[in-house]
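The values are calculated or read from the model by the stated rules, or taken from the named source; none is laboratory data. Just so we're clear, the structure is a prediction, and the values are computed from it rather than from any experiment. Don't worry about glycine lacking a Cβ; one is built from the backbone with ideal geometry, like all the others, and counts go over all protein chains shown.
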Amino acid sequence: MRRQVGVIPKLAQIAVAAVLLALPAVAIAADDSPPAPPSVRMVPGTIAIDSAAEEAVREALGDVEVALPPVEAYAITDVRFLGDHALVSVIGLSGLTPDRPWNLPDNGAWFGLVAIARLADGRWTGALEGTPDFTAIVERIPEHILDASAKLGLDPLRRPSLPASAYRFPWPDGTNMYYGSLGVHSNGFPSLVSGWMAVDMLSDGNTAAGHAPNQLLASAAGTITYRCAPRVGETSTAIKIGTQMYTHLLYSANLYVGRTVTQGETLGQLKSGTFSEVCGYASQGAGWFHVHWGFPGTSPFEAGGWSLNLSDSVWRRGNESRSANTWLRADPGVPARVYYFPRVMRR
Ligand SMILES: [Zn+2]
């Protein structure tokens with residue numbers, strides 16, 4: 001959404017000054033229009049929307065109010081239509097190569113949400129999460145379509161800074177998942193998503209052996225604020241809930257942007273076997289499945305009563321330790337530790 005801004009951001013001031021220096025005096029007097037937004041490149045995503053709506057998304061991404069990482073392009077990975085509004089999941093892409101299409105784990109450098117609204121004249125306007133315009137658009141969505149708690153959970157400016165319980169392991173208590181050989185690795189395109197790391201947790205679903213069933217749980221409460229919906233013919237998805245990102249879930253209509261979950265609530269099943277899709281890929285045995293579990297790259301990462309050292313990739317609890325290629329059990333009754341999330345997560 002374009003607005004008249006009272007204070008021109010510093011970078012824009014510099015840009016304007018540079019233009020003023022370069023232009024003859026007569027041109028200065030003639031041009032008092034606001035500075036053009038930085039150019040935003042859109043590439044095909046996993047779903048298609050009409051060009052007018054896409055243009056509103058592109059304009060919102062060029063909003064100079066919010067500093068996004070310097071990605072090469074953006075793509076739309078999900079749209080949730082709500083009457084004359086829509087919540088659009090957008091991925092920022094880096095490391096693109098002409099010889100192959102992009103995919104989320106290799107190229108995803110930023111994951112976010114744009115709210116768009118259809119105007120009376122049929123045009124669309126949009127705003128990026130974290131801006132007052134985003135708040136305004138989300139607030140105008142009728143309550144019966146999107147309830148107040150969902151609106152709060154979606155909006156970084158209004159999300160309550162409520163204490164959250166400690167992260168739990170995202171699989172059922174008393175069962176084990178196998179800590180993947182990569183140990184701690186990047187959640188997405190490494191040089192830009194430095195604030196996000198990930199581990200792979202696997203199982204073959206052999207519950208008789210104590211292995212976790214194919215049931216992914218929310219490791220913390222929160223609202224789904226990003227989704228990579230699969231391309232036609234594909235079935236895997238990735239979602240972001242607060243400071244957690246879960247990749248390689250089987251797509252389900254129940255995993256929609258704006259859904260709020262409690263800690264330990266079942267999110268769904270993971271995609272088993274080897275596959276290669278836009279929202280993720282895996283190379284694993286036919287009956288095996290795994291979650292690529294992303295979290296804040298702050299050391300250490302604490303979950304399930306264990307503390308993960310991001311430097312040596314070892315989980316530790318008291319005098320116990322678990323390195324990559326070992327099983328890790330989710331134990332019940334882990335004492336809750338309270339975290340306070342900042343109202344706006346910095347990248
Ligand atoms: Zn992974």
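Assorted remarks:
- Qualifying residue in region 61-71 (condition: in contact (Cβ under 8 Å) with a residue 60 or more places away in the chain and touching a Cys at 6+ places or on another chain (Cβ under 9 Å)): no
- In region 82-115, residue nearest to the chain's Cα centre (by Cα) [restricted to those that are within 16 Å of the ligand (Cβ to nearest atom) and of a type in the set (A, V, I, L, M, F, W, C)]: Phe111
- Close pairs from region 285-312: first in the same structural domain as Leu216 (by TED's automatic domain parsing) and modelled with pLDDT of 95 or more, partner among the charged types (D, E, K, R) and within 14 Å of the ligand (Cβ to nearest atom), Cβ under 6 Å, at least 6 apart: His290/Asp200; His292/Asp200
- Qualifying position, being closer than 30 Å to Val64 by Cβ and in contact (Cβ under 8 Å) with a residue 12 or more places away in the chain, among Thr207, Thr131, Thr237: Thr131
- All helices (runs of 4 or more DSSP H) inside region 41-140 with 3 or more residues being in contact with a strand residue (DSSP E or B) (Cβ under 7 Å, 6 or more places away or on another chain) and farther than 22 Å from Thr237 by Cβ: 51-61, 132-140
- Considered as a group, the residues in region 313-347 that are at pLDDT 95 or above, among the aliphatic types (A, V, I, L, M) and not in a strand (DSSP E or B) include one that is nearest to Trp171 (Cα to Cα), and that residue is Ala330.
- Boolean, Tyr281 is in contact with a strand residue (DSSP E or B) (Cβ under 8 Å, 6 or more places away or on another chain), surrounded by 13 or more Cβ atoms within 10 Å (Cβ to Cβ) and modelled with pLDDT under 95: no
Here's the yes/no breakdown for (1) within 16 Å of the ligand (Cβ to nearest atom); (2) within 18 Å of Thr237 (Cβ to Cβ):
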| site | (1), (2) |
| --- | --- |
| Thr260 | no, yes |
| Thr266 | no, yes |
| Gln269 | no, yes |
| Thr274 | yes, yes |
| Gln284 | yes, yes |
| Gly287 | no, no |
| His290 | yes, yes |
| Glu302 | no, no |
| Trp306 | no, no |
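- Scanning region 252-268 for residues that are hydroxyl-bearing (Ser, Thr, Tyr), under 16 Å from the mean Cα position of the chain (by Cα) and assigned to a loop (DSSP other than H, G, I, E, B) gives a single hit, Tyr256.
- Candidate set from region 183-194 (those that are at pLDDT 85 or above and within 18 Å of Cys279 (Cβ to Cβ)); member that is farthest from the ligand (Cβ to nearest atom): Ser186
- Of all the criteria given as (1) at pLDDT below 95; (2) not in a strand (DSSP E or B), the one not satisfied by Pro172 is (1).
- Residue match in region 143-166 (condition: assigned to a strand (DSSP E or B) and within 16 Å of the ligand (Cβ to nearest atom)): no
- Odd one out for Leu128 among (1) under 27 Å from Thr262 (Cβ atoms); (2) in the same structural domain as Ser51 (by TED's automatic domain parsing); (3) at pLDDT 95 or above: (1)
- Among the residues of region 269-278, the one identified as under 22 Å from Val90 (Cα atoms) and surrounded by fewer than 18 Cβ atoms within 10 Å (Cβ to Cβ) is Ser276.
- Meets criteria (under 24 Å from Gly122 (Cα atoms) and at pLDDT below 95) for Ile76: no
- Looking only at region 227-251, residues that are crowded, with 22+ Cβ neighbours inside 10 Å, assigned to a strand (DSSP E or B) and more than 16 Å from the ligand (Cβ to nearest atom) come to 2 in all.
- Number of positions in region 177-226 that are closer than 17 Å to Gly264 by Cβ and in a strand (DSSP E or B): 7
- The set of residues in region 195-222 that are on the phi < 0 side of the Ramachandran plot, away from the ligand (no atom under 16 Å from the Cβ) and either outside the structural domain of Thr262 (by TED's automatic domain parsing) or modelled with pLDDT under 95 (or both) comprises Gly195, Ala220, Ala221.
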